[in-house]
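The values are calculated or read from the model by the stated rules, or taken from the named source; none is laboratory data. As the structure is a computational prediction, the values presented were derived from the model and not from experiment. Cβ placement follows ideal geometry from the backbone for every residue including glycine, while neighbour counts extend to all protein chains displayed. Each accessible area value is taken on the protein alone, full model and side chains, heavy atoms only, with ligands, DNA and RNA left out. Shrake-Rupley method; radii C 1.70, N 1.55, O 1.52, S 1.80 Å.
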Amino acid sequence: MQKLKLIKVGIIGCGTIGSQIAKACQDKLNDKFELVAICDIDEDKARNLKNLLDKKVSILRTEDLIKKVDLVVEAASAKASSEIIERCIKMRRDVFIMSIGGLLGKESLLRSVSKSRVYLPSGALCGLDGLKSASTGKISSVTLTTRKPPKGLAGAPYLMEKGLELSKIDKETVIFDGTAEGAVKGFPQNVNVAAILSLAGIGAERTRVRIVTSPDYTKNVHEVEISGDFGRIMTKTENVPSTANPKTSQMAIFSAIATLKEIADSVKIGT
Ligand SMILES: NC(=O)c1ccc[n+]([C@@H]2O[C@H](COP(=O)([O-])OP(=O)(O)OC[C@H]3O[C@@H](n4cnc5c(N)ncnc54)[C@H](O)[C@@H]3O)[C@@H](O)[C@H]2O)c1
């Protein structure tokens, strides 16, 4: 029997998500993927990850990594994701983006894709399957309410801009209520879910986002409400934050690995 050609993978960003994807490529998914290269702006992060992996994985610069692989996995930052997608499109590489927030306002890039495939996993959010089906008809509203413990919102530019101190919050408080566009700008490390919801649905200007926090919260919870010709969808995802990075939910890591698996699978289940 002819041996299947493995898909060569390179990972940009060796943090919480990138490390788990790397391990999945070498363990669970090694019959479909071959992890050949990793990269991180913090060299220690790349070296630490390499030490946990097979010796043959190379540490490369972004440009060289893209040249060497079939599929580029971005798990770095919203600042980097649009540039990475642009380079992959130019170099005709397939690309998998986790930092979806960096793509808002850059939708023209997605429209320019022809020779590459771009994968945008649902991440920590459930309900995108229904939203994609519902988008075939008319959608009147999409609302996301995200609830996170204060430490999951730390460092967000919006908090500094408004002079909000998370340590002073002693009860359930709505921190932000506005468009997905505003949420992604104000909370770039937190609301990739708002970005993917916008891209799959009615866009970042029409998608409404509320961000709520409380010292009593222990999980990252996303509630989505969608209304349209089809009727109404309500989903609630109660995510356990990853231990390595409380801003990232465990579900986002699972979603990334499941999406990778689907890329290689012949059978696609769901919308
Ligand atoms: N789609 C989703 O639902 C979802 C969920 C959680 C996180 N995310 C996003 O995925 C990304 C990774 O999340 P994480 O929890 O692994 O973060 P992390 O902070 O644990 O790791 C990110 C790593 O990327 C590196 N990095 C940053 N900029 C880089 C660049 N330009 N080039 C190379 N390396 C770079 C950092 O040094 C770090 O090691 C973040 O942007 C995060 O917002 C998406």
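Considering the conditions (1) within 16 Å of the ligand (Cβ to nearest atom); (2) out of contact with any strand residue (DSSP E or B) (no Cβ under 7 Å at 6 or more places or on another chain); (3) outside the structural domain of SER108 (by TED's automatic domain parsing), ALA258 is excluded by exactly one of them, (3). Only one of the listed residues (GLY228, GLY203, GLY186) is more than 11 Å from the ligand (Cβ to nearest atom) and more than 19 Å from the chain's Cα centre (by Cα). That residue is GLY228. In the set ILE89, ILE66, ILE100, ILE85, only one residue is outside the structural domain of ALA204 (by TED's automatic domain parsing), in contact (Cβ under 8 Å) with a residue 24 or more places away in the chain, more than 11 Å from the ligand (Cβ to nearest atom) and within 22 Å of LYS261 (Cβ to Cβ); that residue is ILE85.
Of the listed requirements (1) within 14 Å of VAL142 (Cβ to Cβ); (2) touching a residue at least 60 places away in the same chain (Cβ under 8 Å), ALA183 misses just one: (2). Entry remark, segment 20-29: residues being within 21 Å of LYS67 (Cα to Cα) and of a type outside the set (A, V, I, L, M) number 2 in total. Answer yes or no: is there a residue in segment 41-56 that is within 27 Å of ALA183 (Cα to Cα), within 19 Å of the chain's Cα centre (by Cα) and within 16 Å of the ligand (Cβ to nearest atom). Yes, there is a match, as at least one residue in segment 41-56 is within 27 Å of ALA183 (Cα to Cα), within 19 Å of the chain's Cα centre (by Cα) and within 16 Å of the ligand (Cβ to nearest atom).
Does ALA244 count as at pLDDT below 95 and either open to solvent by 40 Å² or more (accessible area, probe 1.4 Å) or part of a loop (DSSP other than H, G, I, E, B) (or both)? Spelling it out, ALA244 is indeed at pLDDT below 95 and either open to solvent by 40 Å² or more (accessible area, probe 1.4 Å) or part of a loop (DSSP other than H, G, I, E, B) (or both).
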